[in-house]
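Please read the structure below before turning to the comments.
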Amino acid sequence: MFLDENNSWNKVFDDISKKEYFKKLMSFLESEYQTKTIYPPKDLIFNAFKLTPLSEVKVVILGQDPYPNPNQAMGLAFSVNEGIALPPSLKNIFKEIYLEYGIEKDLPVSGDLSYLANQGVLLLNPYLTVVAHHPLSHKLKEYDNLFKDILETLNNEDHPIVFMLWGNNAKKHHKLLTNSKHLVIETSHPSPLSSNQGGWFNSNCFKLANEFLKENGEKEIKWIL
């Protein structure tokens with residue numbers, strides 16, 4: 001299995017791996033990695049699940065697909081490798097955190113969000129791979145099936161989880177989130193085009209998430225190190 005032996009996602013992926021759509025997806029990706037430049041690196045496709053075991057998920061942030069440019073994608077939605085310039089959406093994410101918490105200093109230099117993943121923030125792209133320079137090139141029904149299975153698994157979890165749905169592509173999945181133990185927060189997308197039209201800045205989504213976690217006896221997320 002591609003996850004650590006004791007990772008609580010293992011049972012989920014053991015079941016998923018027996019499904020025809022997943023077998024077809026794995027076969028397709030094997031061919032793609034052999035014949036094209038695909039991001040993220042093959043060993044980081046499931047990085048979000050490696051860093052944030054199911055039993056430790058506190059917050060789920062939905063992205064779309066990996067960054068399509070060299071050295072950016074590292075298997076976590078919105079996150080980029082150390083040393084890579086912050087993409088516009090990630091800049092706006094940090095700006096909103098700073099607004100909410102009254103932080104007055106320069107934005108972080110690093111866009112590596114592993115520190116959030118290690119605290120229980122599942123940074124999840126519905127499409128886990130992309131062909132270099134071609135956004136949404138792996139928008140496949142097999143990934144749609146995988147994402148639905150993952151989201152239903154998270155919805156069925158007994159411990160409280162915050163789901164952050166940023167933008168219309170994320171909001172359309174709200175219908176799958178039916179468990180009253182969870183909190184769903186909807187905002188506009190942090191991309192410049194969307195955020196400048198309102199609904200992102202001053203949304204207080206990060207504070208609202210922490211308030212919910214605290215109310216339910218969970219440790220709050222340190223959104224900025």
Set Gln64, Gln72: member being modelled with pLDDT under 95 and either under 24 Å from Lys139 (Cα atoms) or hydrophobic (A, V, I, L, M, F, W, C) (or both): Gln64
Sole residue being surrounded by fewer than 21 Cβ atoms within 10 Å (Cβ to Cβ) and assigned to a loop (DSSP other than H, G, I, E, B), chosen from Glu32, Glu5: Glu5
First in region 90-109 and without any contact (Cβ under 8 Å) to a residue 24 or more places away in the chain and over 20 Å from Met74 (Cα atoms), second anywhere and in a helix (DSSP H, G or I) and among the hydroxyl-bearing types (Ser, Thr, Tyr), Cβ under 8 Å, 6 or more apart: Glu104/Tyr98; Lys105/Tyr98; Leu107/Tyr98
Count of region 80-105 residues which are within 22 Å of Leu193 (Cα to Cα) and acidic (Asp, Glu): 2
Filter pass, Leu116 being in contact (Cβ under 8 Å) with a residue 60 or more places away in the chain and within 26 Å of Glu104 (Cβ to Cβ): yes
Answer residue from region 95-106, given it is in contact with a helix residue (DSSP H, G or I) (Cβ under 9 Å, 6 or more places away or on another chain) and more than 16 Å from Ser191 (Cα to Cα) and is surrounded by the most Cβ atoms within 10 Å (Cβ to Cβ) among those: Glu100
Selected residue (criterion: farthest from Leu151 (Cα to Cα)) from residues of region 58-68 that are in contact with a Gly (Cβ under 8 Å, 6 or more places away or on another chain) and either crowded, with 24+ Cβ neighbours inside 10 Å or among the small types (Gly, Ala, Ser) (or both): Pro66
The listed residue being touching a Leu at 6+ places or on another chain (Cβ under 7 Å) and among the acidic types (Asp, Glu), out of Asp14, Asp65, Asp43, Asp4: Asp65
Ala170 being modelled with pLDDT under 95 and surrounded by 19 or more Cβ atoms within 10 Å (Cβ to Cβ): yes
Matching residues in region 114-166 - criterion: being crowded, with 21+ Cβ neighbours inside 10 Å, among the hydrophobic types (A, V, I, L, M, F, W, C) and part of a loop (DSSP other than H, G, I, E, B): Leu128, Ile161
Candidate set: region 155-212, residues that are charged (D, E, K, R) and in contact (Cβ under 8 Å) with a residue 60 or more places away in the chain; chosen: the one nearest to Ile61 (Cα to Cα): Lys207
Criterion: part of a helix (DSSP H, G or I) and of a type in the set (S, T, N, Q) - qualifying residue of Ser110, Ser27, Ser79: Ser27
Test: residue in region 44-52 that is part of a loop (DSSP other than H, G, I, E, B) and among the small types (Gly, Ala, Ser): no
Among residues of region 82-107, those that are among the charged types (D, E, K, R) and part of a loop (DSSP other than H, G, I, E, B), counted: 4
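The values are calculated or read from the model by the stated rules, or taken from the named source; none is laboratory data. Computed from a predicted model, the values in this text were never measured in an experiment. Here the Cβ is made from the backbone with ideal geometry for all residues, glycine too, and neighbour counts use every protein chain on show.
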